[in-house]
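Novice: The structure that follows is given in the form of structure tokens.
The values are calculated or read from the model by the stated rules, or taken from the named source; none is laboratory data. Because the structure is predicted, anything quoted here is derived from the model rather than measured. As a convention, Cβ positions derive from the backbone with ideal geometry for all residues, glycine included, and neighbour counts pool all protein chains shown.
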Amino acid sequence: MALILDALVQGVQLLLVLLLAPLLTGYVRRVKAHLLRRRGPPLVQPYRDLLKLIRKEVVIAENASWVFRVAPYIIFATTLVAASLVPTFATGLMFSPAADLIAIVALLGSARFALALAGLDVGTSFGGIGSSREMMIASLAEPAMLMIVFTVSLLAGSTQLSSVSAFMQGPEVGLRVSLAMALVGLIMVAIAENARIPVDNPATHLELTMVHEAMILEYSGRHLAVIEAAASIKLLLYLSLVACIFAPWGVHTAGQGFAALAVGLVTYVAKLAAGGFLLAVFETVTAKMRVFRVSEFLGAALMLGLLAALLLFVSRSI
Amino acid sequence: MIDRLAFDVAHLFAGGLVLVSFMLLYQDRMFGLLNIFALHALVVSLSVAWQAYIQQAPHLYITAAIALVVKAIIIPVALHRIIVRLGIHRTIETVVGIGQTMLAGIALVALSILVMLPITAQAGTLAREDLAFSLSVILLGLLMMISRRNAVSQIIGFMSIENGLILAATAAKGMPLVVEISVAFSILVALIVIGIFLFRIRERFDTVDVHALERFRGEQP
């Protein structure tokens with residue numbers, strides 16, 4: 001019975017991530033539009049875009065190899081698996097003993113690798129420039145992310161997200177400066193990884209400073225749909241990660257009943273709405289920075305991660 | 001045995017001070033630097049006030065008030081006016097390699113933790129932690145003084161060293177008030193002297209970039 005419930009929760013979570021991700025993207029876009037005093041597209045517009053793209057014919061460049069055709073599915077699959085590992089409304093997921101925070105970082109890293117390869121494959125200059133920039137961002141964002149993971153895991157005594165989340169809900173946490181630094185660092189990494197302002201602008205094409213859009217310029221039809229869906233899932237994943245580690249209230253833990261599940265679901269949606277709103281406000285009030293300043297931005301995130309891990313050694317007891 | 005919350009808050013302020021020191025290293029605009037320096041002094045005075053509360057030492061409240069008034073208000077305002085008078089408020093300092101400076105800063109923090117924790121094994125947890133943090137704040141201030149070319153930023157590095165000293169002094173219980181008052185006044189005097197000195201440098205060399213002074217050193221041909 002417990003096994004069936006676990007499988008059910010995991011399945012619902014997987015579907016929820018898949019279904020909610022475009023809605024979150026649409027929500028952020030709409031809030032941003034409202035802040036700029038525009039009406040903005042309806043909330044369901046990302047779903048419509050995805051459906052339209054899936055129905056359209058795929059146009060592939062003449063010199064594209066199999067890498068170009070396979071890459072979108074690899075990106076989508078790895079991102080979805082990574083997202084299914086992050087507890088959203090319930091911890092103690094069925095898949096979670098199989099993989100931990102480091103595995104999530106690795107899965108996202110392989111998705112990025114596939115995307116960079118796809119950008120290089122066709123041989124256009126735009127794809128190449130996008131890939132090289134993405135790699136420059138990744139070379140700083142991944143160490144920063146790992147340092148944050150180390151900080152959180154040192155504190156909680158585990159790299160499993162379920163245990164981390166349980167630790168954060170417990171009385172042992174207290175007030176820690178390391179956690180505050182890790183939170184700020186994680187948010188900076190999330191902004192860079194999801195190609196949001198100030199690192200990259202998700203709303204424009206053919207801007208000289210673009211990163212993510214430059215790599216997927218050659219894609220069309222269902223390939224583009226799959227990549228767009230993966231990008232939305234990644235945004236949802238990072239928001240869930242922040243919520244799961246730093247705001248774990250109301251999450252359903254193993255052994256609680258259906259009522260707790262419902263509470264978990266409602267609080268999760270509330271957290272996503274709050275996170276998306278804050279993201280939209282932040283994006284509206286900041287200006288895009290030059291590409292060459294991104295290394296300073298991410299260097300600060302890396303520094304925060306390092307400092308957070310260092311300061312742990314002089315705190316009470318790790 | 002100290003209370004857990006007391007330790008956590010003290011740790012928060014001391015760790016916050018190290019973080020603000022890093023922000024000083026990172027910032028390259030003059031007014032931004034001054035604002036962050038005021039924040040630095042504010043965090044120090046909060047930390048001292050908290051120590052006064054948990055050690056039940058009322059004279060430390062006076063130390064906190066001095067830090068707040070002198071270093072968070074008077075010195076930043078005075079430096080603000082000096083910068084405006086010197087006409088360097090729009091210059092963005094060319095710091096050589098923020099990345100390398102940051103890494104050096106991290107290494108210094110690690111060094112001070114590695115040095116302080118073994119030699120203070122007898123002391124209480126709170127004192128150990130504060131001593132390690134204050135040593136890192138001092139070393140970061142020194143790093144700021146050697147990595148900046150502008151004389152005003154070097155002054156700010158110097159002042160942040162003094163904040164680190166106050167953090168160390170309050171962690172060790174029982175620093176007499178007279179010491180604190182004399183330190184605060186010597187800092188003010190230092191500010192006045194440095195201020196006059198700045199205008200002299202400026203009159204003489206038309207810049208406050210200290211590299212301009214190097215041509216006048218004796219040992220160079």
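Novice: Please go through the range A:237-260 and pick out each residue that is in a loop (DSSP other than H, G, I, E, B), surrounded by fewer than 23 Cβ atoms within 10 Å (Cβ to Cβ) and of a type in the set (Val, Ile, Thr).
Specialist: Of everything in the range A:237-260, just one residue is in a loop (DSSP other than H, G, I, E, B), surrounded by fewer than 23 Cβ atoms within 10 Å (Cβ to Cβ) and of a type in the set (Val, Ile, Thr), namely A:Thr253.
Novice: What are the residue pairs meeting all of these: first residue in the range A:112-137, first residue assigned to a helix (DSSP H, G or I) and surrounded by fewer than 16 Cβ atoms within 10 Å (Cβ to Cβ), second residue modelled with pLDDT of 90 or more and of a type in the set (Gly, Ala, Ser), Cβ atoms under 8 Å, and 6 or more apart or on different chains?
Specialist: From the range A:112-137, the pairs are A:Met135/A:Ala116.
Novice: If we keep just the residues of the range A:30-48 that are without any contact (Cβ under 8 Å) to a residue 24 or more places away in the chain and part of a helix (DSSP H, G or I), which is surrounded by the most Cβ atoms within 10 Å (Cβ to Cβ)?
Specialist: A:Arg30
Novice: Hey, does the range B:202-209 have a residue that's within 23 Å of A:Leu310 (Cα to Cα), part of a helix (DSSP H, G or I), over 19 Å from the mean Cα position of the chain (by Cα) and of a type in the set (A, V, I, L, M, F, W, C)?
Specialist: No - not one qualifying residue is present in the range B:202-209.
Novice: Tell me whether the range B:26-33 contains one or more residues that are more than 14 Å from chain A (Cβ to nearest Cβ), of a type in the set (A, V, I, L, M, F, W, C), surrounded by 19 or more Cβ atoms within 10 Å (Cβ to Cβ) and under 18 Å from the mean Cα position of the chain (by Cα).
Specialist: Scanning the range B:26-33 turns up at least one residue that is more than 14 Å from chain A (Cβ to nearest Cβ), of a type in the set (A, V, I, L, M, F, W, C), surrounded by 19 or more Cβ atoms within 10 Å (Cβ to Cβ) and under 18 Å from the mean Cα position of the chain (by Cα).
Novice: Just one of B:Leu114, B:Leu140 is under 27 Å from A:Leu140 (Cα atoms), under 11 Å from the mean Cα position of the chain (by Cα) and within 12 Å of another protein chain (Cβ to nearest Cβ); which is it?
Specialist: Sole residue among the options that is under 27 Å from A:Leu140 (Cα atoms), under 11 Å from the mean Cα position of the chain (by Cα) and within 12 Å of another protein chain (Cβ to nearest Cβ): B:Leu140.
Novice: So which of B:Leu17, B:Leu46 is under 24 Å from A:Leu179 (Cβ atoms), in contact with a His (Cβ under 9 Å, 6 or more places away or on another chain), at pLDDT 85 or above and within 14 Å of another protein chain (Cβ to nearest Cβ)?
Specialist: B:Leu17
Novice: What residue, among those in the range A:261-318 that are assigned to a helix (DSSP H, G or I), of a type in the set (Ser, Thr, Tyr) and surrounded by 15 or more Cβ atoms within 10 Å (Cβ to Cβ), is nearest to the other protein chains (Cβ to nearest Cβ)? Before you say what the answer is, go through the steps one by one.
Specialist: Kept after step one, since they are assigned to a helix (DSSP H, G or I), are these residues of the range A:261-318: A:261-285, A:291-312.
Within this subset, residues satisfying the condition of being of a type in the set (Ser, Thr, Tyr) are A:267-268, A:284, A:295.
Cutting the leftovers down to surrounded by 15 or more Cβ atoms within 10 Å (Cβ to Cβ) gives us A:267-268, A:295.
Working: A:Thr267: 26, A:Tyr268: 29, A:Ser295: 7 Å.
Looking at residues that are assigned to a helix (DSSP H, G or I), of a type in the set (Ser, Thr, Tyr) and surrounded by 15 or more Cβ atoms within 10 Å (Cβ to Cβ), I get A:Ser295.
Novice: Another one. Check the range A:219-236 and report whether any residue there is closer than 19 Å to A:Gln10 by Cα and in a loop (DSSP other than H, G, I, E, B).
Specialist: No, the conditions are met nowhere in the range A:219-236.
Novice: Please specify each residue of the range B:203-221 satisfying the condition of being at pLDDT below 70 and of a type in the set (S, T, N, Q).
Specialist: B:Gln220
Novice: Let me ask something additional. Just the residues that are outside any loop (DSSP other than H, G, I, E, B) and within 14 Å of chain B (Cβ to nearest Cβ), please, taken from the range A:158-178.
Specialist: A:Val177, A:Ser178
Novice: Taking the stated definitions as given, is A:Met188 at pLDDT 85 or above and within 14 Å of another protein chain (Cβ to nearest Cβ)?
Specialist: Numbers: at pLDDT 85 or above: yes; within 14 Å of another protein chain (Cβ to nearest Cβ): yes.
Spelling it out, A:Met188 is indeed at pLDDT 85 or above and within 14 Å of another protein chain (Cβ to nearest Cβ).
Novice: So A:Ala141 clears everything in (1) touching an Asp or Glu at 6+ places or on another chain (Cβ under 8 Å); (2) outside any helix (DSSP H, G or I); (3) not aromatic (Phe, Trp, Tyr) except one condition, right? Which one?
Specialist: (2)
Novice: Oh, and also: Within the range A:153-177, work out how many residues are touching a residue at least 60 places away in the same chain (Cβ under 8 Å), in contact with a helix residue (DSSP H, G or I) (Cβ under 9 Å, 6 or more places away or on another chain) and not β-branched (Val, Ile, Thr).
Specialist: Looking only at that region, the number is 10.
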